[in-house]
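Undergrad: Have a look at this one before I ask anything.
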Amino acid sequence: MRLSRREFLSVAAALPLTAKVRVKQIPGIPTTKPGFTLTRADDDFLEDLSRRAFHFFWEQADPNTGLVLDRVRADGTAIRGRNLEAASTAVTGFYLTALCIAAERRWLDPNDVLQRVRACLRHLANRQENVRGWYYHFVNLRNGDRIWNCELSSIDTALLLAGVITAQQYFRDNAEVYTLASDIFNRVDFPWLTDSQTGLIRMGWYPDRGY
């Protein structure tokens, strides 16, 4: 029997939690609890769940910009109105990390994954709207333009940068990926978004209202 993703998750959520909690033994770290060994069934379940989760990012990313939709419906139907092409810079950061996991686990051809990574980094480095290296929270999926009069977001940029750095390290032998990632990170003006009185980075900035 072949289950859809929605059916699969519904079945998984309904399973009774009767198994005893076991802790995996880590060398060098003492524990008074018995060691934990995943069964083949456990491994298969986690692998399948992880792979299904990855496909959200692969399917909802624009292959040209690398930007990923902020939200979609679980049944795959389109969200009408203003949500239709709203991408999130934070989700795009998770996308870059997910691509590295997919390449490592050979869920897809690593060369195909690399092409997606390069496309995303090229867009972020050369075309994505930003201010002093900081990115807006919500942007258009197709071209990266700011939407909804949203803020320049420190947390969304931070999550995006985490994905950029992850991709840079995973594909470190690719000169273009390494250089693009460095360019994206190095142009972030951290002092500009830092509150001089507290020394803390501000939550965000608006072009018309400031910090």
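Undergrad: Determine if region 136-146 includes at least one residue that is polar (S, T, N, Q) and either over 19 Å from Arg172 (Cβ atoms) or open to solvent by less than 10 Å² (accessible area, probe 1.4 Å) (or both).
TA: yes
Undergrad: Step by step: first the residues of region 187-202, then only those that are touching a residue at least 40 places away in the same chain (Cβ under 8 Å) and exposed (fewer than 13 other Cβ atoms within 10 Å of the Cβ), then the one that is farthest from Leu124 (Cα to Cα). Which residue is that?
TA: Asp189
Undergrad: Going by the conditions given, is Tyr206 aromatic (Phe, Trp, Tyr), open to solvent by 40 Å² or more (accessible area, probe 1.4 Å) and within 22 Å of Glu85 (Cα to Cα)?
TA: It is true that Tyr206 is aromatic (Phe, Trp, Tyr), open to solvent by 40 Å² or more (accessible area, probe 1.4 Å) and within 22 Å of Glu85 (Cα to Cα).
Undergrad: Here is a further query. Are any residues in region 151-186 charged (D, E, K, R) and touching a residue at least 12 places away in the same chain (Cβ under 8 Å), and if so, which ones?
TA: Within region 151-186, Glu151, Asp156, Glu176, Asp183 qualify.
Undergrad: A follow-up question, please. Report the residue count in region 93-117 for those that are in contact (Cβ under 8 Å) with a residue 12 or more places away in the chain and either in a loop (DSSP other than H, G, I, E, B) or touching a strand residue (DSSP E or B) at 6+ places or on another chain (Cβ under 6 Å) (or both).
TA: First, the residues of region 93-117 that are in contact (Cβ under 8 Å) with a residue 12 or more places away in the chain: 93-105, 107-108, 113-114, 116-117.
Next, only the ones that are either in a loop (DSSP other than H, G, I, E, B) or touching a strand residue (DSSP E or B) at 6+ places or on another chain (Cβ under 6 Å) (or both) stay: 95, 105, 107-108.
Looking only at that region, the number is 4.
Undergrad: Further, regarding this structure: Restricting attention to region 118-138, does a residue exist that is within 28 Å of Asp43 (Cα to Cα), aromatic (Phe, Trp, Tyr) and touching a residue at least 12 places away in the same chain (Cβ under 8 Å)? Walk me through how you get there before you give the answer.
TA: Just the residues of region 118-138 that are within 28 Å of Asp43 (Cα to Cα), to begin with: none.
Scanning region 118-138, I find no residue that is within 28 Å of Asp43 (Cα to Cα), aromatic (Phe, Trp, Tyr) and touching a residue at least 12 places away in the same chain (Cβ under 8 Å), so the answer is no.
Undergrad: Inside region 127-164, can you point out the residues that are in contact with a helix residue (DSSP H, G or I) (Cβ under 7 Å, 6 or more places away or on another chain), more than 21 Å from Leu200 (Cα to Cα) and either hydroxyl-bearing (Ser, Thr, Tyr) or outside any loop (DSSP other than H, G, I, E, B) (or both)?
TA: Within region 127-164, Val139, Gly163, Val164 qualify.
Undergrad: Going through region 165-211 one residue at a time, which ones are more than 30 Å from Gln115 (Cα to Cα) and assigned to a helix (DSSP H, G or I)?
TA: Pro191, Trp192, Leu193
Undergrad: Just a yes or no: is a residue in region 19-42 basic (Lys, Arg) and at pLDDT 70 or above?
TA: The answer is yes; a qualifying residue exists.
The values are calculated or read from the model by the stated rules, or taken from the named source; none is laboratory data. Bear in mind the structure is a predicted one, so any value in this text is a computation, not a measurement. Every residue, glycine among them, receives a Cβ derived from its backbone with ideal geometry; neighbour counts consider all protein chains shown. Heads up: the accessible areas ignore ligands, DNA and RNA and are worked out on the full protein's heavy atoms, side chains in. Shrake-Rupley method; radii C 1.70, N 1.55, O 1.52, S 1.80 Å.
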